[in-house]
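Shown next, in structure tokens, is the structure this report addresses.
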Amino acid sequence: MTRIGPDGSSAAARRIGAARRIVVKVGSSLVIADGGARAAWMASLAADLAGLIAAGKEVLLVTSGAVALGRPRLGLARSGRLEDKQAAAAAGQAVLMQAWDRAFAPREVATAQLLLTFGDTEQRRRWLNVRATLSVLLARKAVPVINENDSVATDELRYGDNDRLSARVAQMVGADLLVLLSDVDGLYTADPARDPAARRIALVDEVTDAIEACAGGASLHGSGGMHTKLAAARIARAAGCATLIASGREDHPVRRLSEGAPATLVAAEGTPKRAYKQWIAGTLVPGGAIAVDAGAATALSAGRSLLPAGVTAVSGAFDRGECVAVIDPAGQEIARGIVAYGAEEALLLVGCPKGGIEARLGYARADELIHRDDLAMTAP
């Protein structure tokens, strides 16, 4: 179902108010003006995001702009050569991060730079490492400032646009809401620059072929257009995360959304937690198995984490970050989960008492073999 009209504005405000964890993506056309950073606009967005943090929300910022800032610094014209783009990104990323740091400084909000490559969200071990880093930053009320590492990414192995990167980040951290800010205030039935009869679509319940057909072209500075925003919304929706497609042209764009500015809301499919658990239980193939005693099986069914003390046996050759099956004393699979230790480590931890991991391994990566957030029950 889709809705055309202004009711998406109030829906956007409600979604921002209800969200616990929000990923905000800003395009190059918002960050850059005349070859430099738009400092005043960036400060207004920083004020908005600081306000969300003060209200108890966790916020991540995905930003474009490094390549556009780096070109004039190096005297590089726009070209299709990969090495030119990579050099511009290397020169511009420092400028971009300094600009964001200055924007947040008056609000006493710490920023932290993360440059991600395609493999960081597609390879399980690296995915876990990034997620762990982001969790610490969010717990400290810092704003992770994320961009694709264009200086090392190749055309064959890259996101290609920060819309999709932001959706992967939202999926990784279990965000409730993805806000895509650019130079358009939502999805229209046709290109409003060419068709005066075009109307904004306020609510999208599902990204269908008909919705995809409404997408237009790319913006001036960035690599993304409405097609990439819908692709990002599709990724986020499957992860239980709603998406807002909105304009960031004016100062305080997130505050304006909270006050009823126009936007297109792409509804989520379920919740982030439910989507993640379904992905573990129904998509991942176990690389091994961990047998547990009756007490551990009861604890898992009650929503607890799997501690080494309840483990009786380990089989398979799995690595940290892989999916494993959890087997009860009757030999039945009762759960699947993302394991925090590899098979060789898990073998050493069989029956390990609480607090004893460091004594056995010489280090402790986590207190649990499988954290409850990374475990899905597969048996009633």
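Results, tabulated for the structure shown:
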| read-out | value |
| --- | --- |
| Residue satisfying all of: in segment 96-145; part of a loop (DSSP other than H, G, I, E, B) and among the hydrophobic types (A, V, I, L, M, F, W, C); nearest to Lys57 (Cα to Cα) among these | Ala142 |
| Residue that is more than 27 Å from Lys141 (Cβ to Cβ) and not β-branched (Val, Ile, Thr), where the choices are Glu58, Glu108, Glu83 | Glu83 |
| When residues of segment 321-356 are limited to those that are farther than 14 Å from Ala291 by Cβ and aliphatic (A, V, I, L, M), the one modelled with the highest pLDDT | Leu348 |
| Test: residue in segment 294-303 that is out of contact with any strand residue (DSSP E or B) (no Cβ under 6 Å at 6 or more places or on another chain), hydroxyl-bearing (Ser, Thr, Tyr) and either surrounded by fewer than 16 Cβ atoms within 10 Å (Cβ to Cβ) or assigned by TED's automatic domain parsing to the domain that holds Arg38 (or both) | yes |
| The one condition in (1) surrounded by 15 or more Cβ atoms within 10 Å (Cβ to Cβ); (2) more than 12 Å from Leu369 (Cα to Cα) that Ala313 fails to fulfil | (1) |
| Sole exception among (1) in a helix (DSSP H, G or I); (2) under 20 Å from Trp127 (Cα atoms) for Ala340, by number | (1) |
| From the options Val143, Val136, residue that is surrounded by fewer than 19 Cβ atoms within 10 Å (Cβ to Cβ) and of a type in the set (Val, Ile, Thr) | Val136 |
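Rundown of residues vs (1) under 30 Å from Val207 (Cα atoms); (2) part of a loop (DSSP other than H, G, I, E, B); (3) modelled with pLDDT under 95, yes/no style:
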| site | (1), (2), (3) |
| --- | --- |
| Glu269 | yes, yes, yes |
| Trp279 | yes, no, yes |
| Pro286 | no, yes, yes |
| Ile290 | no, no, no |
| Asp319 | no, yes, yes |
| Ala364 | no, yes, yes |
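The values are calculated or read from the model by the stated rules, or taken from the named source; none is laboratory data. What you see is a predicted model, and the numbers here were worked out from it, not measured in a lab. All Cβ positions, glycine included, derive from the backbone under ideal geometry; neighbour counts span all protein chains shown.
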